[in-house]
Each structure stands twice: as C-alpha cells, then as structure tokens.
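Read the structure below first, then the notes.
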There are 4 protein chains.
Amino acid sequence: MATNPEKATATENNDHLIRSEDSQHPANLIPELCKKFWYLGWVTGTGGGTSIRDDDLVYLAPSGVQKELMRPEDIYVLKLSEQVDPKQRIYVRAPAVYKPSQCTPLFIAAFTKRNASCCIHTHSQWAVLVTLLLEALPAPSNRVFEINNIEQIKGFGKGMGKVGNLGYHDTLRIPVIENTPFEEDLTESLEEAMEQWPDAYAVLVRRHGIYVWGDTVAKAKTQAESLDYLFQLAVEMKKLGLPWLSDIA
Amino acid sequence: MATNPEKATATENNDHLIRSEDSQHPANLIPELCKKFWYLGWVTGTGGGTSIRDDDLVYLAPSGVQKELMRPEDIYVLKLSEQVDPKQRIYVRAPAVYKPSQCTPLFIAAFTKRNASCCIHTHSQWAVLVTLLLEALPAPSNRVFEINNIEQIKGFGKGMGKVGNLGYHDTLRIPVIENTPFEEDLTESLEEAMEQWPDAYAVLVRRHGIYVWGDTVAKAKTQAESLDYLFQLAVEMKKLGLPWLSDIA
Amino acid sequence: MATNPEKATATENNDHLIRSEDSQHPANLIPELCKKFWYLGWVTGTGGGTSIRDDDLVYLAPSGVQKELMRPEDIYVLKLSEQVDPKQRIYVRAPAVYKPSQCTPLFIAAFTKRNASCCIHTHSQWAVLVTLLLEALPAPSNRVFEINNIEQIKGFGKGMGKVGNLGYHDTLRIPVIENTPFEEDLTESLEEAMEQWPDAYAVLVRRHGIYVWGDTVAKAKTQAESLDYLFQLAVEMKKLGLPWLSDIA
Amino acid sequence: MATNPEKATATENNDHLIRSEDSQHPANLIPELCKKFWYLGWVTGTGGGTSIRDDDLVYLAPSGVQKELMRPEDIYVLKLSEQVDPKQRIYVRAPAVYKPSQCTPLFIAAFTKRNASCCIHTHSQWAVLVTLLLEALPAPSNRVFEINNIEQIKGFGKGMGKVGNLGYHDTLRIPVIENTPFEEDLTESLEEAMEQWPDAYAVLVRRHGIYVWGDTVAKAKTQAESLDYLFQLAVEMKKLGLPWLSDIA
C-alpha cells in the first residue's frame, strides 16, 4: 500500500482489482474511454483523464500516460473511505511505472461532493476557447458559460438528486474557475463552484479544460459529449455573430 | 406486447424479429449506421436516431442509448398497421432496458406520409448553425434553407413519386420548423411541412437538427450525407461572405 | 459485352477481371481507396469516384454506390483501345446492379490525353470553396488557382514527361472549368484545360470538385492529398487575411 | 553498405535490423506512428516523417512513401558514429525501393545536438498557419511563436538536461526558421536555432511545418501532439480576436 503519491508503487497482491474479463469493469472501461477521447482530441499529449468509482473503489488513469495506449495495468486504485488526509493519498493498487495524476483530488471531489460514479477531465480546445471568450467579459459574466434554446441542452440532468433532464428552454449554466499552476490547487475552487452551482454536472477551468461527471459512467460520458458539442457550437456561433442566449419561449 | 410506451417491456417471444445473420437486416443495419453517425458527430451524447421500415415492421433505436455502442437487442419493433392512436403506441418487440424514443411519431410520419423506408434524425452542428443563420432573416425566408448551383445538390431525388434527381441548376429547398420542448410535439409541424413541401426529403428543426428520409436505406443515408455536406459548405460560405444562391444558368 | 452504358450488364465470363488475391489489383485497390476517401469527406453521398488504368484495361467505380461500402464486384471494366465512339462505351465487365459513372469520359481523358494510370474525382468542400472564392475575381484570374511558397507544393510533378517535382518557390497552378448540368458534358472543357495547362495534374470544376490524376496510383493519390491540403490551407488563409501568392525568393 | 544516398541500396545482410516481434522496436514503431500521424493530417501526401534513434542506430522513414502504408522493410538504418561527412551518408540498411529522406540531416541534428531519441517532422496546417500569421510581424517577433497561460504548455519539458516541465504561467517559445528550396539546406539554420533557443524541443519552419523531438519516443510524440494542439488553438484564437500572450500571474 503506497502512501506517498510521488512514489506510489505497485501492490502485487492487489492486481486482481484491475484484471477482469468484463468489458464494463472500470479497469477495462477507462482505457476504452480514454482511447475514444484521444481520437476526439480531448486528451491530447497525455492531457486530461478519466476516473470511475465503483462503490468505495476509485479507479484512476495515471499521470503522463498516452491516453490512446492505456492498459488496465496502468491504473491506480484507491479506497474512498480510506482517504482522510487529502495531501496523503493511499493507493490499494498502483502501476509499476507512472505517477498518480494531479487530477486525483478533483475526481475525488466529484465522487464525495456529488456522489458521481465517473468523472472525465478533458483539455478540449472548444472548452478552452469558450473560457477565453468569456474572460473578456466583466465579472460575474466571465465566470459562467450560459446557453439556452438548443436541443442538445436536454442531454443534461437537472441536478444531483433531481428527477429528469433540462428542458429545451432551460438555460444550461457551467461555472468557470480560474486555473492554477498546480492542478491539485484547483480542488478548493472546484469544490466552491460545486457549492455555488449545486445543479451543474461540470466545471470549466479557464485556459485549461473541463471536469464533467455523472451519476453513471454512461451519463458522465454522454454529458461530456453534449457539453463539447455545445462548446464547439458556441465558438462557431461567435464566429458567425450569433448570441448564445435568446428569448424564444 | 407493450401498449404504454413509457413502460414498454421486452416481448420475449418476438426476439426473433431482431436476430438475423444478414448484415442488411434492419436490426443489424441500425447499430451499424448509428455507429457511423456517431463518428460523424451527428448523434453525440445519445442525441438523434435512426429508424428503418421493412414493409409493415418499423425498427427503432431506443431513447438515451449511446449510439456508437448500440446492439440489435436494444431495438424496438412496431407494426405500422397496428398504430391507430398516435398517443398509444404498440410495440411487438421491446428491449429490457431503455424507453421508446420521442422521435418515434416523427419517424412514423416519414413512413406513412412519405412512404419512406428509412428516416435519420441528427443533431449535426452544421444543420443547427444553418437554422440559426436563417433565424435572423425576416419571414418567410427564415423558414426554408435554399442553395443552388452546387454539384452535390444532384444527390437528392426530385420528390416522392417523381423520377430522377435534382439538377445542378435546381434550387434545393429544405423547410425549417420551430423546435418544441417535447420532441413528440414536433409531429404536427413536421407533417405540415411535408404537406407544404411535398418534394422535400428532409425537414430542419430550428436549434435542434434535421430529419432526413429516403425511399431506401441507402437513399436516406446518402441524402443525409449530402445535406450535411451542403450545410457545412453553407456555414463556411457564410464565414467567407459567399451567398448561398447565385444566378448561374 | 455491354454496348449501351445505360443498360450495361454483367458479363459473367469476365468476372475474372475483378477477382484477385493481390491487394494491389485495381479491383481491390479502388474499394480501398474509395473507403479512405469517404472518411476524408471527399466522396460523401455517393459523390466522386476513382478509376485505375492497367495497360489497356480501365477499372471504374459505378454511379450511385456508397463509396465506403464498395466491393470488387461493383466495378466496371473497359478496354481503352475499344472505345471509338465516346457516346457508345463498351464494357468488358459490368456489375449486375448500378449504372456506369458519368465521370467515365473524364477519367478516360486523363488516361488518353495525359497517359495517367489513375484518376481521382472528389467533391471536397475545400476544392469547392476555393472555386467559389475565385469566382468573385475578374477573368482570367477566376479561372486558375495559384499558390506559391508553401512546402507542400513540392508534392507535385513538374508535368507529364518532365523529370522531377515542383520547387518550393514555384507557383502551383490548377485550372478551373465551369460546371455543367451533366457531368459528361465537362469532357470537352476538361480536355481544353489539359491542352491549355499541359503541366497540370488536376482540374478544378467550379462549384463541384476536382479531377486529379497521376502517372501511378500512388502519385494520383498523394497529389490528391497534397491538393486538398493546399485548398484547406488556402481557405484558412483567406479567413485570416493571408494572401495565396507571395514574393519570397 | 550504401555510401551515396541517392543510390542507397538494400544491404541484404542487415535486414535483421528491421525485423522484430517487439512492437516497441523502432522499425515497428515508426510505421505505427506514421499511420497515426497520417490520420491526424500531419504527413499528408508523403510529406513529413519520423526518425528514432536507438543508441548509435538511427531508423528513418524513406522519402516519398505513403505514410499510412509504411512497413518495417521500408526503413533506412544508419550508424550515428559513422556519419563523418554530412554530404555522404552511410546506411547500414536500406530498402530496395525509395530514396533516403531529405529530412535526414535535420533528424541527425536533433540526435547529435540535442541527444534526442526521436524526431518528428510534420506539415501540419496549423503549424504552417502560425508561421504565416507571424510572418506579417516585424522582426524579431516574426521569428518566434510565443504563447502563455494555457494548461497544455505544461506538456513540454523545461529543456535538455533540465528537470521537470514548463509551468502554466511560463511562456512557451518555439523559434521559426525560413524555408529553403532544398530541405537539406535547412540544417544550418535549424542548428543555429537550436543554439539560440537551447531549451526548445521544436523548431517551426516557415510555410513548411515543424520539427519536434524528445528525450524518448513518447516525449517526442506527446510534445508534437501538445504543440499541434497549441497551434490549432492559436489559429482559432486569432480568428476570434484573442491574443496569444496574456498578463495573468
């Protein structure tokens, strides 16, 4: 059991945690998702990552791995209930090479604060461009992406613990937090954004990318897809002089 | 046999309807097409869908499925001749999970009003952007997409029951209907657009996407491809200050 | 042997012409190339096509086929030496379904007038946009695409019968001909463009696409790729206010 | 052993150098990488290339090969220690067809001057567009691409022999050299740029593309990916009127 994330080493005995014939097992699903995301341009150059929680076990892609080439044996596993000191993470299974991802405390925030089952972090250029376009606006407009009256908005749940999805006329709001030099230092402002925007399933990070989560792996993935669709659409709308918000009722 | 679409359950006995070794069987073709469409960005985040009619049987993708991961066993089947009450659809085969798609009455409209064999619904961003660009125009210009003098226009039939395809100099016209909060509520205006534009093989839905159909599966698919090509071209033309209609004769 | 292209039927006995274990056989290569081109967006919606000449035999994709789904048995074969009347083409092998492609006389022009081994026709949107951008210019500037001082220009041969490729400072010139309602009617102006621009390996067709050929299949393909790269670059340069021609020496 | 690069012939006896069951062997890795790069649009139309150094042995893709179709047997091998005269390269293994790549001396520069293990050369349109956008600026601004405050910058090492990667607030600087008619003639200015910018892992070539290298194959590849991400982002930022450098601290 590794206690120092900088030197986390493989626990031979726990390799059974990442070996399964089931294609839906987190250790098989994370590489499959990461490969798909690489081809979408979301996790270019080892950026981004994906984590899945199965009850108390959290499966994590390591830092610095080529996402389209990931294998189950590259995956870290930790027990959510055993993480008492956020600075001192305990892994029950660690790969022989690689270091833990700096995204880890942010994924954990989605699991503990939002009861998510999966959290996806991308460096999508569309997400980054949206945060750059917002940056020029005065506060507080620069701290939230808003769009309404687009069908794809219906791809999002109304919020944790609420039944059903957003409607066509609803305004989808995704908060934007400022980037920090060390990814782990985003944790506090990510958690604050979660408090301030309890219904959001995602938080944009200025000049960096996005964290998206979901109640299930499928919801995290499809919400990530819908968001990226909306960000790309929003950038194209800006180029064409079309506003993100409209009055249709 | 399920009568309440919200609770449609699998009819064990009719699973033979979605099991076939033939790659051209609708239950095999729909997943293959949906996967292709996912990679084209047409059915992102479970959006969109595809339905095929084989004589009296209609095969439908369910609601909320990840389109690139669909399997034959996910498919709903209904008999066209047995649908008397549009609010009360009867399924002869239903998957164990999933709900019927809200697109169902729109697909049925294409089959009954246009005698189509296949209907494809996409959320293509190019389709959405075209409807947004049109929205700024005064009525009735904002209710129809028009383009002429582009070779790809020849990819469309002249209309139901007419022989041959559009010519290079013909103007392709695709009506635009306004989106509604519930997809099923589009049915009336879709059917009206079909009446008003009897030769169109597609209807754009503002801020939403498109419905495209065809006399055969291949024609529905290739017309959907040609339309998306033209929408993307039209958006690029707008960025470059080039008009969609020209006087070449 | 079929003499009326509109009713060209399969000649059972000559199916050996399209059956081969060799991946480099034209009947295997054309489907492979067409599939690749479909994914590049060059032959969307059954548009475009590819033809390969092997000595006196010409292999052709049929009209109206989904290019990513083509099979060797879909291919037409004709003997170049037997084509005396351009209006009355003679096929030595024809598929059971499908009609001959309207592109056939244009492919033949590349084989007879330019001694090409392969000719590729695409509906690439970048090619179409370049012809639209040129259209606004006064004649004769509107009839030729010109670009210089881009490394990718070195991907083109100096011209039929000439040794070596264009240099970095050379200006690549691709003539543009006007589109016609019937593709076969392009033949005369394509041949005129070949006469007027003897060194060009391609002809743009306004609002339609491009014909590119090469001394070998590989050269036709890589020249088609290089051209599409340059057209996309040219469109992006236009958006960014960058000129296609510059004075670097 | 071939001494004249223009006539380099296969050395039968040394084919063992390019035959291996190990997927990580350079002769297997170069074709795999090149195929991936072709699909990214980096090595269109036989442009670009990739070279890997394993101790004293250098593996090189040949000139004029279709990069997505490369095979191990297409690869050149030379010994770094045996190259005394840069005009007279000695190959210990050469393919039967093909000529050596004109990129060879540039790859060698990365290996000898920067101790790189892999060097990637692409014709990426985003790289070319960035050099074109810079060209309009007065010297010396036109000779370096600069961007800061974008998370993806952290994908680059601080420089040869330095520990760790760039930080979020650091400015990534990539020098730009002018293109020459013959690629080999870039060698001197590439080496000068390496001297002047000792921490850069890449050099842009105006109107041509980029050379990117890394301490390992994985680092060369992921740095190439991160750079291309930043170039595409920079072009989109320019279209949207967003500056590449900002004052965030």
Amide H partners (placed H, <5 Å) of B:S63, local residues excluded: B:K99, B:S101
Residues whose placed amide H lies under 5 Å from that of A:N165, excluding near-sequence neighbours: A:K158
Helix D:217-239 axis, angle to chain D major axis (alpha carbon atoms, nearest 10°): 40 degrees
Using a 7 Å Cα-to-Cβ projection, D:E68 label spacings across copies, nm, ascending: 1.2, 1.2, 1.7
Pairwise FRET efficiency - B:D170 versus A:V97, Cβ, R0 = 60 Å, nearest 0.05: 0.45
Total formal charge among the other residues, if their Cβ is under 11 angstrom from that of D:R206, Lys/Arg +1 and Asp/Glu -1: -1
Per residue value of the accessible surface for the protein assembly as shown (all protein chains in place, 1.4 Å probe), Å²: 39 Å²
Ellipsoid semi-axes in whole angstrom, largest first, where each is sqrt(5λ) of the Cα gyration tensor of the stretch C:108-207: 21, 19, 12
Magnitude of the charge dipole, chain D, Cβ model with Lys/Arg +1 and Asp/Glu -1, debye to 20: 300 debye
D:A218/A:S246 FRET efficiency (R0 45 Å; Cβ-Cβ; nearest 0.05): 0.45
Shielding by partners - mean other protein chain Cβ count within 10 Å, residues of A:150-158: 5
For C:211-222, mean number of other protein chain Cβ atoms within 10 Å: 2
For chain A, the fraction of alpha-carbon pairs in successive 10 Å shells from zero, as %: 8, 33, 36, 17, 6, 1
Folded to 0 to 90 degrees: helix C:125-135 orientation relative to chain C principal axis, Cα: 50 degrees
Peptide-level mean, for C:124-130, of C-beta atoms on other protein chains within 10 Å: 3
Isotropic mean projected area of the C-alpha convex hull, the stretch B:16-71 (nm²): 3.8 nm²
Area hidden from solvent between D and A (accessible, protein heavy atoms only, 1.4 Å, total, Å²): 2300 Å²
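From the square roots a ≥ b ≥ c of the eigenvalues of the alpha-carbon gyration tensor of the stretch B:61-104, which class results: rounded (a/c under 1.5), prolate (a/b over b/c), or oblate?
It is prolate, given that a/c is not under 1.5 and a/b is the larger ratio.
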Alpha-carbon radius of gyration plus Dmax, which is the widest Cα pair, for the stretch B:171-246 in Å: 13.4, 37
Scattering curve values for the protein assembly as shown, log₁₀ I(q)/I(0), Debye with Cα scatterers, q = 0.04, 0.09 Å⁻¹: -0.20, -1.10
Teacher prompt: B:D54 distances to equivalent labels in other copies, 7 Å Cα→Cβ, nm: 3.6, 3.7, 5.2
Relative contact order computed over the stretch D:1-134 (Cα-Cα under 8 Å; 6+ residues apart), in percent: 31 percent
Descending principal axes extents, the stretch D:182-225, alpha-carbon based, whole Å: 29, 21, 15
For chain C, built as a Gaussian network whose Cα springs stay under 10 Å, the top-fluctuating residue of C:V130, C:V84, C:V235: C:V84
222 nm mean residue ellipticity, helices alone, for the protein assembly as shown (DSSP H n ≥ 4; -39,500 (n - 2.57); rounded to 500): -9000 deg cm²/dmol
Helix D:26-39 axis, angle to chain D major axis (alpha carbon atoms, nearest 10°): 50 degrees
Alpha carbon convex hull of the stretch D:1-101, volume per residue in cubic angstrom: 91 Å³
Exam field: C:V84 pseudo-label spacings to other copies (7 Å along Cα-Cβ), nanometres: 7.0, 7.0, 9.9
Innermost chain C residue relative to the axis carrying C onto A, by Cβ distance in angstrom: C:K239, 5
J(HN,Hα) series, the stretch B:89-101, from Karplus relation 6.51 cos²θ - 1.76 cosθ + 1.60, nearest Hz, glycine and proline x: 7, 10, 9, 8, 8, 9, x, 5, 9, 6, 10, x, 6
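The values are calculated or read from the model by the stated rules, or taken from the named source; none is laboratory data. Please read these numbers as outputs of a predicted model, since none were measured by experiment. Here the Cβ is made from the backbone with ideal geometry for all residues, glycine too, and neighbour counts use every protein chain on show. To get the accessible areas, we keep the full protein, side chains included, count just its heavy atoms, and leave off ligands, DNA and RNA. Shrake-Rupley method; radii C 1.70, N 1.55, O 1.52, S 1.80 Å.
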